[in-house]
1. Mind listing whichever residues of the stretch 17-34 are assigned to a strand (DSSP E or B), surrounded by fewer than 22 Cβ atoms within 10 Å (Cβ to Cβ) and in contact (Cβ under 8 Å) with a residue 40 or more places away in the chain?
2. Hey, among His60, His46, which residue is crowded, with 18+ Cβ neighbours inside 10 Å, out of contact with any strand residue (DSSP E or B) (no Cβ under 7 Å at 6 or more places or on another chain) and either outside any strand (DSSP E or B) or at pLDDT below 95 (or both)?
3. On the basis of being closer than 22 Å to Phe121 by Cα and in a loop (DSSP other than H, G, I, E, B), does Asp37 make the cut?
4. When the residues of the stretch 168-190 are narrowed to those that are not in a loop (DSSP other than H, G, I, E, B) and not small (Gly, Ala, Ser), which ends up surrounded by the fewest Cβ atoms within 10 Å (Cβ to Cβ)?
5. Let me spell it out: the conditions are (1) crowded, with 18+ Cβ neighbours inside 10 Å; (2) touching a Leu at 6+ places or on another chain (Cβ under 6 Å), and Asp37 meets all of them except one. Which number is the exception?
6. Taking the stated definitions as given, is Thr66 more than 28 Å from Gly193 (Cβ to Cβ) and surrounded by 24 or more Cβ atoms within 10 Å (Cβ to Cβ)?
7. Can you tell me how many residues within the stretch 143-158 are surrounded by 22 or more Cβ atoms within 10 Å (Cβ to Cβ) and either touching a Cys at 6+ places or on another chain (Cβ under 7 Å) or within 18 Å of Glu68 (Cα to Cα) (or both)?
8. Counting only residues that are touching a Pro at 6+ places or on another chain (Cβ under 9 Å) and under 17 Å from Gly92 (Cα atoms), how many does the stretch 142-173 have?
Amino acid sequence: MRQAHITRHTLETQISVNLNLDGTGQAILETGIPFLDHMLDQIARHGMLDIEVTAKGDLHIDAHHTVEDIGITLGQAFKQAVGDKKGLRRYGHAYVPLDEALSRVVIDLSGRPGLELKIDFVRARIGEFDVDLVNEFFQGFVNHAWVTLHIDNLTGKNAHHQAETVFKAFGRALRMAIELDPGAADIIPSTKGSL
């Protein structure tokens, strides 16, 4: 069972994440940040992951700590759920359009954290959501999931569309990377013998 439950409690946030990599795309989300809930729902739906996130954070200051810590906790859950990576494809990629916007996401379950993120958002906020927090979410995720992640928004004139294509493509790329490779059931996909 590729599942994990992680809790993270700091003086700034209290977060609980349940993750099932072999889910049906269901999401139960209570982060206190409606736009983030919408983006996490995209990951679940397009990644066919079941994700449950409850978070209480210092939103009276701003959403920074909550968004970052959700990325961290989701990354920890992913690392635990994916296990030793035997039999997995390891690599995943996706291009996702939404009207005028198009994004590409490529992931490697490398065992090494790395993020290259290129999104030239057309505005600084999507509703109340600060677009800088997209980077904070993904940085938290890669640092704790131990994956290499390349995110490129290739075009877009609407910030909501730019963000949504990124999160949808991320879900699709994750789904591909964690798929079982029928020809390599007991093999770790690395010449090192571990990831």
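The values are calculated or read from the model by the stated rules, or taken from the named source; none is laboratory data. Quantities reported herein were computed from a predicted structural model and do not represent experimental measurements. We place every Cβ from the backbone using ideal geometry, glycine too, and count neighbours over all the protein chains shown.
1. As a first pass, look at the stretch 17-34 and keep what is assigned to a strand (DSSP E or B): 17-20, 27-30.
Still in the running and surrounded by fewer than 22 Cβ atoms within 10 Å (Cβ to Cβ): 18, 20, 27-30.
Passing the criteria: Asn18, Asn20.
2. Details: His60 fails: crowded, with 18+ Cβ neighbours inside 10 Å.
Residue meeting the stated conditions: His46.
3. Details: closer than 22 Å to Phe121 by Cα: yes; in a loop (DSSP other than H, G, I, E, B): no.
Judged against the criteria, Asp37 is not a match.
4. Residues of the stretch 168-190 not in a loop (DSSP other than H, G, I, E, B): 168-178, 180.
This time we only want the ones that are not small (Gly, Ala, Ser), so: 168, 170, 172, 174-176, 178, 180.
Working: Lys168: 22, Phe170: 26, Arg172: 23, Leu174: 26, Arg175: 19, Met176: 18, Ile178: 23, Leu180: 13.
Ranking the candidates gives Leu180 first.
5. (1)
6. Details: more than 28 Å from Gly193 (Cβ to Cβ): yes; surrounded by 24 or more Cβ atoms within 10 Å (Cβ to Cβ): yes.
In short, yes.
7. We begin by selecting, within the stretch 143-158, every residue surrounded by 22 or more Cβ atoms within 10 Å (Cβ to Cβ); these are 145, 147, 149, 151, 153, 156.
Then keep just the ones that are either touching a Cys at 6+ places or on another chain (Cβ under 7 Å) or within 18 Å of Glu68 (Cα to Cα) (or both); that gives 145, 147, 149, 151.
So the count comes out to 4.
8. Residues in the stretch 142-173 being touching a Pro at 6+ places or on another chain (Cβ under 9 Å) and under 17 Å from Gly92 (Cα atoms): 7 in total.
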